[in-house]
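**Student:** One structure is given below, represented as structure tokens, and several questions about it will come after.
The values are calculated or read from the model by the stated rules, or taken from the named source; none is laboratory data. These figures come from a predicted structure and were not determined experimentally. Using ideal geometry, Cβ is built from the backbone for each residue, glycine included, and neighbour counts are taken over all protein chains shown.
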Amino acid sequence: MDDQAAGSPQDAQRVPGCYRHPDRETGVRCTRCERPICPECMVDASVGFQCPECVRKGSGTGHAPSAALPRTIAGGSVAADPRLVTKILLGINVAVFLAVQARSSLLDHLVLVGVWPPAPFTPTEGVADGEWYRLVTSMFTHEEIWHIGFNMLSLWWLGGPLEQALGRARYLALYLISGLAGSALTYLLAAGTSASLGASGAIFGLFGATAVLMRRLNYDMRPIIALLVINLIFTFGWSNIAWQAHIGGLVAGVVIGYAMVHAPRERRALVQYGTCALVLAAVVLITLVRTAQLT
């Protein structure tokens, strides 16, 4: 059978695609510029719908343009580059990795260690000696190529969709606090003289938040659950892995992720950032308790 000729009645009546998402057919057009827009791009106006670009230029309703900007499911602003923060985090991890490869002595100042050398030797260094910055620097430090490769692949795969769904600020808070929670639990439960490093705590936080988000959107949970189970098997079945960081990050990610996507609209920011503050307070408390034990 011959292909349908171009310019036929069927071709002329084809529904146009959204100007931002050409693969999505839509019969709705912006009331200001008349470009076709899909449901994701529709912004309520006094009459009909407007596209995000027209809203940014001015709502025409007497309100500030930002008042009608499209929002993510968590209330964040829709960004032009939904992976910007993920790219920056990935770049920081790679930069620290390259710096460590160029100067291996840096590793001693970046890894997470409670106290070293062990008593009665002095002077000592570590978190217990006041070097709390190690809780953060260890989150961006890797020594082996396979370690950073696996973590950065997971960051790219999980981070992009989460950043798009939560918005930049909320996504960054989730990543950093999940990583800190992993560091704090490692500091509490691991031997004070053991050293740990890697972004795994933050990555497991992204796993937890992704599972919560998929549940909220009624997506098929089997892929993320299967991947999480595989990672947990490696966590407890492979030697020389700081399982405490994985579990701490995972729990923090689930708690913060739940607050992000289930917070009531009228108190959204309070619930979301209040939950982040509570988890961060728990990190501080755990650090103080463990420091008291080691000193």
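**Student:** Hey, among G60, G27, which residue is over 27 Å from the mean Cα position of the chain (by Cα) and at pLDDT below 75?
**Tutor:** G60
**Student:** Looking at I241 and the list (1) under 30 Å from A191 (Cβ atoms); (2) assigned to a helix (DSSP H, G or I); (3) hydrophobic (A, V, I, L, M, F, W, C), which single condition is not satisfied?
**Tutor:** (2) is the only condition that I241 fails.
So that you can scan it fast, the table gives a plain yes or no per residue for (1) part of a loop (DSSP other than H, G, I, E, B); (2) modelled with pLDDT of 95 or more; (3) within 21 Å of the chain's Cα centre (by Cα):
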| site | (1), (2), (3) |
| --- | --- |
| S105 | no, no, no |
| A128 | no, no, no |
| L135 | no, yes, yes |
| W146 | no, no, no |
| S154 | no, no, yes |
| Y175 | no, yes, yes |
| L185 | no, yes, yes |
| A191 | yes, no, no |
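**Student:** Could you tell me which numbered condition F236 fails, if it satisfies all but one of (1) assigned to a helix (DSSP H, G or I); (2) of a type outside the set (A, V, I, L, M); (3) crowded, with 17+ Cβ neighbours inside 10 Å?
**Tutor:** If we test F236 against (1) assigned to a helix (DSSP H, G or I); (2) of a type outside the set (A, V, I, L, M); (3) crowded, with 17+ Cβ neighbours inside 10 Å, just (3) comes out false.
**Student:** Follow-up. A199 - would you say it is farther than 19 Å from Q293 by Cβ and touching a residue at least 12 places away in the same chain (Cβ under 8 Å)?
**Tutor:** Here the answer is yes, as A199 does meet what is asked.
**Student:** Right, here's the next one. Identify, please: which residue in segment 108-126 is assigned to a loop (DSSP other than H, G, I, E, B) and touching a strand residue (DSSP E or B) at 6+ places or on another chain (Cβ under 8 Å) and is, among those, modelled with the lowest pLDDT?
**Tutor:** My answer is T124.
**Student:** Follow-up. Go over the candidates L288, L280, L270, L217 one by one and state the one that is over 24 Å from A169 (Cβ atoms) and surrounded by fewer than 20 Cβ atoms within 10 Å (Cβ to Cβ).
**Tutor:** L288
**Student:** Just the residues that are β-branched (V, I, T) and under 17 Å from G179 (Cα atoms), please, taken from segment 85-119.
**Tutor:** Those that are β-branched (V, I, T) and under 17 Å from G179 (Cα atoms): V85, T86, I88, I92, V94, V96, V111, V113.
**Student:** Contact list please: Cβ distance under 9 Å, first residue in segment 158-169 and at positive phi, second residue of a type in the set (D, E, K, R) and surrounded by fewer than 19 Cβ atoms within 10 Å (Cβ to Cβ), pairs at least six apart or on different chains.
**Tutor:** Here the result reads G167/R71, each pair linking segment 158-169 to a residue that is of a type in the set (D, E, K, R) and surrounded by fewer than 19 Cβ atoms within 10 Å (Cβ to Cβ).
**Student:** Please pick out the residue among W156, W116, W146 that is under 16 Å from A202 (Cβ atoms) and either among the aromatic types (F, W, Y) or surrounded by fewer than 14 Cβ atoms within 10 Å (Cβ to Cβ) (or both).
**Tutor:** W156
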